[in-house]
Amino acid sequence: MATKNTSERFDTVDWDEIAANAPDGNGTSTRAYLAALGLLAVLFVYDLVVASGEATFAAVGVSYDVPLFHWVLAFSLLSFAFLGLLPLVRNRGHASANFAGIVVATGAMLAVIIYDGIYLANAVPTFSAIGWNYDVTGLDYLFGFSLLVFAFYAALPLYQNPRMTSYYWSEFRKNRPAMVSLVFLAFIFGVGIVGPLFINYPEAEFFRKYQPPVFATVSMNFVLECVGQQANGVCHGTWDYPLGTTNQGRDILTMIIYGMQISAKIAFVTTLIAIGVGTAVGTISAYAGGLVDEVLMRYVDIMQSFPTLILYLLILYIFGADLTLFILLLGFFSWSGTARYVRSNALAKSQEEYIKAVQLSGASLYRIIRRHIIPNTASSIVTDLTLLIPAFLLAEAQLAFLGLGDSEIASWGVLISVGRNDLSFAPWITLAPGIVLFFTILAFAFIGDAALDALDPEAQAEAES
Amino acid sequence: MTERPLLSVRNLKKHYPITQGILSRQVGAARAVDGISFDIAEGETLGLVGESGCGKSTAATSIIRLEEPTSGEVIFNGRDSAAVSADATNDVTKFDDAQLKAFRRDAQMIFQDPSSSLDPRMTVGSSVAELLEVHGMSDKQRRRDIVQNLLEDVGLSASDYDRYPHEFSGGQKQRIALARALVLNPDLIVADEPVSALDVSIRAEILSLINDLQEKYGLSMLFISHDMSVVQDVCDRVAVMYLGEIVEIGDTEEIFTNPQHPYTEALLSAVPRPDPRRKRQDIELKGIVPSPTNPPSGCRFHTRCHRVIQPDEWDLEQSEWRSLLNFRDGVVEESLDVETTREMLRTGPADEDVDVADARLRAELREEYDLPETLSDQQAERTLSESLDHLVEGEYGEAQELLAEAFVTPCEQEEPAYADHGGGHRSKCLLTNDQASLQSAPSLKND
Ligand code: SF4
C-alpha cells in the first residue's frame, strides 16, 4: 500500500483552486463530431443517389470516385480522432490505462490499414515488406479491433482489480465443468487466432483424397493413393493427416484450425457489434424515456420478429455469399435482445440508492452510465453472450450446411457440409468439425452457468447473510 | 454575524402528475409535498418525522434537487459556497447546471439502505473518491490520501480503501456512506432514515458518530425519520409531517414535553418512556388513511384525529364521536360493504328469521366501527339507528345523505392556520388556533 500522506484532509481542500484548473467539458467536440459525421453521411448519400454511376466529385470537376473502402476509412478516422485522440489529448496525464491503450493500439492499426489500403493499394500481401506472406483482409481488421476492445475493456480490468478478480475466480473455480470449458475455449480461440498466421491453408491434393484419420481405416476403393500402410484392401491413417483428408485431399486438422479462426471472428466481431449497439440503444432508451423509449423498443420488437434469414438470402442473391457480410448482418440484427436486457437492467439499477448517490455527487449522465450502469449490467451482458455466441456459430454452420454459406472459407459448417455426401464411408470429414463445434457450444453453456453464479456478488452476499 | 439560516425552505411543493392514456393527459396529481416551510440554522439538526408515505423523503430529495420540486423556494446561504456567488440567485430550485454542480459540494445526502447505497462493483474507496474526481481533483494519489484519512475518521481503516461493499457489514457500509457524504466538506447533510435499516444494537454507534462529526465540522443536518425516539437523541428541532404538510414544528424538548398537535401526540405515545411517572396512554389512530392524491378537506388529519372537534349540537364521548365519523366516512366512501358482512354472518340455513338476521347485521356493523350499542347522545343515536336501518334495507344513498348531513366536524370545513406557541414552536390544529395550548383544550372525554 502506498504511504499515507497524513496532511491531506478532506476539509482543507481548496475547491476554488481545483475548479479553476479543471478541464472543461467536451460538449463542443461531441457537437463537432456529430456535424462531421452528418456531413460524411450527406456526401455518401449524394454519391449513392445523385452521382451514382459517375465519379463522386464530378460536379466540381474532380474526377475522383470515392470507393467504399475510402468511405469506411474516412468514417473510422473521424471517429478515431473525435472519440479517441481528442479526449486522450485533453485528459493527458490522467486518462485511464484502458483508454490510452485502446487509442494507441487502434491508432497503430489504422496506420497499418492506411499503409495496406492506400500505399500498397491491396496489390501485395500486407506484410510482404518484412517478408511475411500474410495478407490482412478487412474482416481481419475488424477482428483485430474487437480483440483490442476485449483486451483493454475485459481482460485488463480483471488485471487491474485483482481483488474482485480473485473473488470471481474463486467463485468460478467451484464449477469444474466450467473450468474445463474455459481451458477448451481458450485453446480453440488461441490456436484459431495464432494458427492461421503460420500454417498455410491446405492445398487440394486430389490424389490424396479420403485419407482416414490416424488409427482409422478406409477401404482402398475410395482412396487413390494411400499415404499410410495398405493391407487387405484397406488404407490406414497416418500422422501426416491426423484427422484425415477431405474429398479434395485437404488436411482436415488444418482446415479445423482455420475454422477456429472463423469461429473466433464470428464470435468476437458479431459480439462487439451486438453488445455495442445493444448497450447504446438500451441505455439511451432507459434514460431518454418517453417517446424515444417507445420508438426504440417498438423497433426492437420489429427486429426481433424480422426474418433475418430472408434478408440474408436476398443479400446472398445480390452480393454473393460472403463471411464479412454474414458477420455484419448477424451483428446488426442480433442486438435486440441485448438492448432489452440492458434497458430493463438500467431501469432497475437507476432506482438503486448508489445511482442516486452518484447523481448527487454531480457526476454527468455519461459518467453514471459508463462507470456505474454498464459495469453493473456487465454480468447480465456476459451471461447473455454465452447464449448469443453459440447461436451465432450454429447459425453459420446451419447456413453452410444448407449450402448458403461462403464456400470459399474453411468454416466448420462448410467442412461439415463437404463431408455429408461421403458420410457412408468417410464419416470423419463431418464428424471431426462437428464434434469440435458441439464441444465449443457445450463449453459456452457451462461457462454461462458458472459466470452467472460468479458475477453476482450481491446475490452471493445476500445468500450468505 | 447576520442571523441568516443556512437553509430556508419556503412553501415547497412536489406533485407527481398522474397521467392517463397514450397522450399522457394529466388526470390528477399526488401531492407528496404540499407547501412546507422551515429553516435550518448553521450547525443545527432539524428532524423531519412522520409515517411512511407522508412525503418526508420526497421533501428531502426535492430540497437537494435530486428531484425537481414543483414550486417553492429553497434558499441556501452556504458559508463560502461557490454555488452562491454574489450576483447569482441563492434559490436552489433555480440553480443552473454549473451552480447545481457547485451546490453538490455544499449539500450531500445519506441514504437509508446501506446494502444498496454503494456500487457493488467499485471498491468503497473509489466510490468515495469518485466525488473528488467528479469535482475536478485529477491527482489520484491525493484523492486516495484524503479518502484514506476520512475512512479512519469514520472508524474504519485506511486499508479498507481497496475492499468491496460486500465485504462490509451494514453498519460499516453506513460509515462509508457517511464518509462519502462528508468528502466534499459540505455545509449540509440530508440523512434519510440513516439508521432505520440497521440492527438495533449498532444504531447508537452510528448516531453518535453522526453527532461527533457534525459537531467537529459544524455541519447542519436535515434528519429524516419515522422514529420519534431516534429524533429525540439527534435533533435540535423537530418538524412533524403529515400528508405533505408540516403540522407542528419546534424545539425537540418542547415537542416532546408539550406537543401542540394531536398527531404529534399520537406519535409520541408510541415512544417507550423511561420515566414511569409521565405515563402516556397509547393513542391508536383509527379511521381512513387518506391518499396524497386526494387529501381531505379542512385539516388533513381529521379522518384519523382522536381529538377531532365535536360541534356544539352533539354531546358524545370523544371516542364515540371519532367512531361515528369513521362510520360516516366508511359509508360515504363506500368502503363499508353491507352485503359482504351479511354474507359472512349467514352461517345457518337461509330460512332464518329475517328480523333476527337484520339485528345481527346491525350489531356487527356497530362492532366493526367500535360503536357502542347506544350512543351517549340520544339525538345522535336516533340518527345512527336510522342510517343503519337504511343500510340494512339496502338504501345506501339515503344512509349516505343522512350521515353526511348530520355528523359534520369543523375540522373538515375549516383549514387550521399555524398557531405560534413562542420560541419558534408552531402547530396547525383548530384546537390551538388562538394560541391556546392543546393540553388546556377540552380534554379527551374518555380519559
Ligand atoms: S384541526 Fe381537528 S382534526 Fe385537525 S388536528 Fe386539530 S383537532 Fe384534529
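The values are calculated or read from the model by the stated rules, or taken from the named source; none is laboratory data. The shown structure was predicted, so the numbers you read here are calculated from the model rather than taken from an experiment. All Cβ positions, glycine included, derive from the backbone under ideal geometry; neighbour counts span all protein chains shown. Note: areas computed on protein heavy atoms with side chains; ligands, DNA, RNA excluded. Shrake-Rupley method; radii C 1.70, N 1.55, O 1.52, S 1.80 Å.
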Residue pairs qualifying under the 6 Å Cβ cut-off, at least six apart or on distinct chains, with the first in the stretch B:297-317 being touching a residue at least 60 places away in the same chain (Cβ under 8 Å) and more than 8 Å from the ligand (Cβ to nearest atom) and the second being among the hydroxyl-bearing types (Ser, Thr, Tyr) and open to solvent by 20 Å² or more (accessible area, probe 1.4 Å), are B:316/B:376; B:317/B:376
Pick from the stretch B:247-283 the residues that are at pLDDT below 85 and closer than 17 Å to residue B:50 by Cβ: which of them is nearest to the ligand (Cβ to nearest atom)? B:283
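Conditions tested, residue by residue: (1) open to solvent by 60 Å² or more (accessible area, probe 1.4 Å); (2) in contact with a strand residue (DSSP E or B) (Cβ under 6 Å, 6 or more places away or on another chain); (3) within 14 Å of another protein chain (Cβ to nearest Cβ).
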position: A:315; (1), (2), (3): no, no, no
position: A:330; (1), (2), (3): no, no, no
position: A:333; (1), (2), (3): no, no, no
position: A:342; (1), (2), (3): no, no, no
position: A:363; (1), (2), (3): no, no, yes
position: A:366; (1), (2), (3): yes, no, yes
What's the total number of residues in the stretch B:1-20 that are surrounded by fewer than 17 Cβ atoms within 10 Å (Cβ to Cβ) and under 30 Å from residue B:298 (Cβ atoms)? 7
Checking the conditions here, which among A:337, A:290, A:282, A:278 is free of Cβ contacts under 8 Å to residues at least 40 places away in the same chain, more than 30 Å from residue A:426 (Cα to Cα) and small (Gly, Ala, Ser)? A:290
Please enumerate the residues belonging to the stretch B:301-337 that are assigned to a loop (DSSP other than H, G, I, E, B) and among the charged types (D, E, K, R). B:304, B:307, B:312, B:313, B:315, B:317, B:333, B:334, B:337
Of all residues in the stretch A:228-246 being touching a helix residue (DSSP H, G or I) at 6+ places or on another chain (Cβ under 6 Å) and open to solvent by 20 Å² or more (accessible area, probe 1.4 Å), the one that is farthest from residue A:430 (Cα to Cα): A:242
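In the stretch B:127-139, which residues are in a helix (DSSP H, G or I) and either over 34 Å from the mean Cα position of the chain (by Cα) or surrounded by 24 or more Cβ atoms within 10 Å (Cβ to Cβ) (or both)?
B:127, B:128, B:129, B:131, B:132, B:133
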Name the single residue, out of those in the stretch B:233-246 being among the acidic types (Asp, Glu) and away from the ligand (no atom under 16 Å from the Cβ), that is nearest to residue B:40 (Cα to Cα). B:236
Within the stretch A:92-120, count every residue that is at pLDDT below 85 and open to solvent by less than 20 Å² (accessible area, probe 1.4 Å). 3
Name the single residue, out of those in the stretch A:344-375 being of a type in the set (Gly, Ala, Ser), farther than 20 Å from residue B:129 by Cβ and part of a helix (DSSP H, G or I), that is modelled with the highest pLDDT. A:344
Taking the stretch B:318-346, which residues are within 16 Å of the ligand (Cβ to nearest atom) and among the hydrophobic types (A, V, I, L, M, F, W, C)? B:321, B:324, B:325
Please find, within the stretch B:21-60, the residue that is least open to solvent (accessible area, probe 1.4 Å) out of those that are under 22 Å from residue B:104 (Cα atoms) and free of Cβ contacts under 8 Å to residues at least 60 places away in the same chain. B:58
For residue B:193, state whether it is charged (D, E, K, R), within 25 Å of the chain's Cα centre (by Cα) and within 16 Å of the ligand (Cβ to nearest atom). no
Taking the stretch B:140-183 as the region of interest, how many residues are open to solvent by 50 Å² or more (accessible area, probe 1.4 Å) and at the interface with chain A (Cβ under 8 Å from one of its Cβ atoms)? 7
Could you tell me which residue of the stretch A:406-426 is surrounded by the most Cβ atoms within 10 Å (Cβ to Cβ), considering only residues that are of a type in the set (Ser, Thr, Tyr) and without any contact (Cβ under 8 Å) to a residue 60 or more places away in the chain? A:417
Just give me the residues in the stretch A:309-343 being touching an Asp or Glu at 6+ places or on another chain (Cβ under 7 Å) and either in a loop (DSSP other than H, G, I, E, B) or not assigned by TED's automatic domain parsing to the domain that holds residue A:387 (or both), in sequence order. A:321, A:322
